[in-house]
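A.B. asks: Structure in structure tokens, see below.
What follows draws every value from the coordinates through simple rules; no lab data is involved. Just so we're clear, the structure is a prediction, and the values are computed from it rather than from any experiment. Quick reminder, even Gly has a Cβ in these numbers, built from the backbone with ideal geometry, and neighbours come from all protein chains shown.
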Amino acid sequence: MSDEYGVFLGLDVGKSDHHAVGLAPAGKRLHDAALPNTEAGLRKLFDKLGRHGRILVVVDQPASIGALPVAVARACGHQVAYLPGLVMRRLADLHPGTAKTDARDAFVIADAARTLPHTLRRVDTGDDTLAELEVLVGYDDDLAGEVTRIANRIRGLLTQIHPPLERVLGPKVQHPAVLEALSRCGGPAGLRRTGRSKLTEVVNPRAPRMGARLVEQIFTALDTQTVVVPGTTAAETILPRLADSLMGLLRQRDQVAVQVEEMLDAHPLSPVLISMPGVGVRTAARILLEVGDVAAFPTSGHLAAYAGLAPVTRRSGTSIRGEHPPKGGNKQLKRAFFLSAFAALSDPLSRAYYDRKRAEGKKHNAALICLARRRVDVLHAMLRTRTPYQHKPAENLALAA
């Protein structure tokens, strides 16, 4: 690595200004100064350092505020990598001093690129699909947070004014039929005024199979409470607005999901990911964004450790022994693997492995973590060889169990 590049340029990126430190292979400082977050300033610095040889540009954030330096570096023909934040913080502890400054962080980044190239992760060159996908998935995450907030607000209001009705509608609060009923009828008083037949006409187009049963459950709940709780009148006016907002957010999520699916279709690894049981459009997008180039993970164990799914061994003499769940790792990737493992329980092979772990005495979440860890092995092999998931014959299920 030191022979391949003449300059190791570490950028501690910022909103309006970066700090740049350039090191020669022997460690000599070639540059150490603030850098404006403009194309002209970046090109000027790259041209200046280019006289010393090939430049490896390393950032601590390849997206958001680090997107422009990455794009300009690529346009100038330079190789780009990034140093994960957790790794950078650990490496900073190895350098003298306790100050936290942009200049010090930029030096740590450049020195890591020069002396510890294995700590770097590649920024996929020219992969515009992932950049576009990251914007969409980030927006979808924001929408999901708003959906959860408003759904909880609706359930909280119903619990306050009519707990029996909340027990009926709360678990289905995101169902189109429930939202339509709340939007057009409001709360308990509005539902009573609407009546059974009219409410059935409201919910049946959104829930043909469960409409009549839902209406019966609603009126049974309404009959169990006759007292009117203070605040009910205001809640009757707020609930339709919250229901309309929630319906709008869910429509936006559906639209974003269509766009994400279209972008995934353009990525060569999409068919590989989607072929695995339990991996849908949103999960596949998250895995692609967080894993990127699977070549950065030599083994599935490295990928599992990065996701926080590999158990940590703790041993000190005879007093401390055993393996413990990790507390670190990439939280978003871990959540994606965990949710995909839960969704894969309908797959016979995954279910057999889950049941085996439950029979060993593990609780539900622990068994799912074990299943997620096992699936990382399979996923790593699939991505490395670009081979879709191969379903095992039925006669092999007994061996898996």
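A.B. asks: Quick one: of Lys100/Lys331; Lys172/Lys363; Lys15/Lys44, which pairs are farther than 22 Å apart, Cα to Cα?
C.D. replies: From Lys100/Lys331; Lys172/Lys363; Lys15/Lys44, over 22 Å: Lys100/Lys331; Lys172/Lys363.
A.B. asks: Then there is this: Direction-averaged shadow area of the convex hull around the Cα atoms of the range 7-123, nm²? Don't jump to the answer; show the numbers that get you there.
C.D. replies: Working: hull surface 25.6 nm².
For the Cα atoms of the range 7-123, the hull's average projected area reads 6.4 nm².
A.B. asks: Give the calculated FRET efficiency between Thr233 and Asp254 to the nearest 0.05, with a Förster radius of 30 Å applied to their Cβ-Cβ distance. Before the final figure, lay out each step's value.
C.D. replies: Values: r = 34 Å, r/R0 = 1.12.
Efficiency for this residue pair is about 0.35.
A.B. asks: Grab the Cα-Cα distance for Arg193 and Ala296, subtract it from 0.36 nm times how many residues apart they are, and report the gain in nm with one decimal.
C.D. replies: On the way: separation 103, 0.36 × 103 = 37.08 nm, distance 6.24 nm.
In short, 30.8 nm is gained.
A.B. asks: Connecting C-alpha atoms closer than 10 Å in a GNM of the chain, tell me which of Met210, Met263, Met276 has the biggest fluctuation.
C.D. replies: Comparing Met210, Met263, Met276 in a Gaussian network model of the chain, the most mobile one is Met210.
A.B. asks: Just to be sure I understand the model, the point goes 7 Å from the Cα along the line to the Cβ. What's the resulting Ala266 to Thr115 distance in nm?
C.D. replies: Calculated label separation equals 4.3 nm.
A.B. asks: Charges only on Cβ, +1 for Lys and Arg, -1 for Asp and Glu: so what's the dipole of the chain about the Cα centre, in debye to the nearest 20?
C.D. replies: Working: 53 positive and 40 negative charges, 272 e Å.
Computed about the Cα centre, the dipole is about 1300 debye.
A.B. asks: While we're on this one: Two decimals, Cα atoms only, Kirkwood Rh: what is Rg/Rh over the range 65-128?
C.D. replies: On the way: Rg = 12.9 Å, Rh = 12.9 Å.
With Rh from the inverse mean 1/r over Cα pairs, Rg/Rh is 1.00.
A.B. asks: Now for a separate question. Among Tyr82, Tyr353, Tyr389, Tyr139, which comes first, then next, by fewest other beta-carbon atoms within 10 Å? Could you put the intermediate results ahead of the total?
C.D. replies: Details: Tyr82 25, Tyr353 22, Tyr389 19, Tyr139 15.
Ordered by Cβ neighbours within 10 Å, fewest first: Tyr139, Tyr389, Tyr353, Tyr82.
A.B. asks: In nm, to one decimal, how far is the modelled label at Leu86 from the one at Met210, with both set 7 Å along Cα→Cβ?
C.D. replies: The modelled label-to-label distance comes out at 3.8 nm.
A.B. asks: Turning to a different aspect of this structure: How big is the equivalent ellipsoid of the range 133-262 along its three axes, where each semi-axis is √(5λ) from the Cα gyration tensor, reported in whole Å from largest to smallest? Display every interim value, and only then the final one.
C.D. replies: Values: eigenvalues 166, 57, 23 Å².
The answer is 29, 17, 11 Å, longest axis first.
A.B. asks: Can you sort Cys370, Cys185, Cys76 by how many other beta carbons sit within 10 Å, fewest first?
C.D. replies: In order of increasing Cβ crowding within 10 Å: Cys76, Cys370, Cys185.
A.B. asks: Using the alpha carbons of the range 345-388, what is the convex hull volume per residue in cubic angstrom, as a whole number? Don't skip to the answer; put the middle values down first.
C.D. replies: On the way: hull volume 2.8 nm³, N = 44.
Value for the range 345-388: 63 Å³ per residue.
A.B. asks: Scaled to the compact-protein estimate 2.2 N^0.38 Å, what is the alpha-carbon radius of gyration of the chain, rounded to two decimal places? Before the final figure, lay out each step's value.
C.D. replies: Values: Rg = 27.1 Å, N = 401, 2.2 N^0.38 = 21.5 Å.
Dividing the Cα radius of gyration by 2.2 N^0.38 Å gives 1.26.
A.B. asks: Hey, for a label at Arg122 modelled as a point 7 Å past Cα toward Cβ, could you say which residues of the range 292-310 have their backbone N under 17 Å away?
C.D. replies: Flagged as within label range: 292-300, 303.
A.B. asks: Would you give the gap between the C-alpha center of the range 51-96 and the C-alpha center of the range 164-225, rounded to a whole Å?
C.D. replies: Cα centroid of the range 51-96 versus Cα centroid of the range 164-225: 55 Å apart.
A.B. asks: On to the next question. Hey, with R₀ at 25 Å, roughly what FRET efficiency would Ser16 and Lys48 work out to, going by the Cβ-Cβ distance, to 0.05? Please report the intermediate quantities before stating the final value.
C.D. replies: Numbers: r = 21 Å, r/R0 = 0.84.
For Ser16 and Lys48, the calculated efficiency is 0.75.
A.B. asks: Under a point spin-label approximation (7 Å from Cα along Cα-to-Cβ), what is the Arg335-Lys363 distance to one decimal in nm?
C.D. replies: 2.1
A.B. asks: Once every Cα of the range 258-312 carries one equal point scatterer and solvent is ignored, give the base-10 log of I(q)/I(0) from the Debye formula at q = 0.17, 0.22, 0.25, 0.31 Å⁻¹, two decimals.
C.D. replies: Taking Cα atoms of the range 258-312 as identical point scatterers yields -0.59, -0.88, -1.04, -1.25.
A.B. asks: Turning to a different aspect of this structure: Enter the angle in degrees (range 0 to 90, nearest 10) between the Cα long axis of helix 348-359 and the first principal axis of the Cα atoms of the chain, meaning the one along which they spread out most.
C.D. replies: Taking the Cα atoms of the chain, the angle to 348-359 is about 90 degrees.
A.B. asks: For the range 201-360, restrict the atom set to alpha-carbon positions and state the Rg and Dmax in Å.
C.D. replies: Radius of gyration, then largest Cα-Cα span, for the range 201-360: 23.4, 71 Å.
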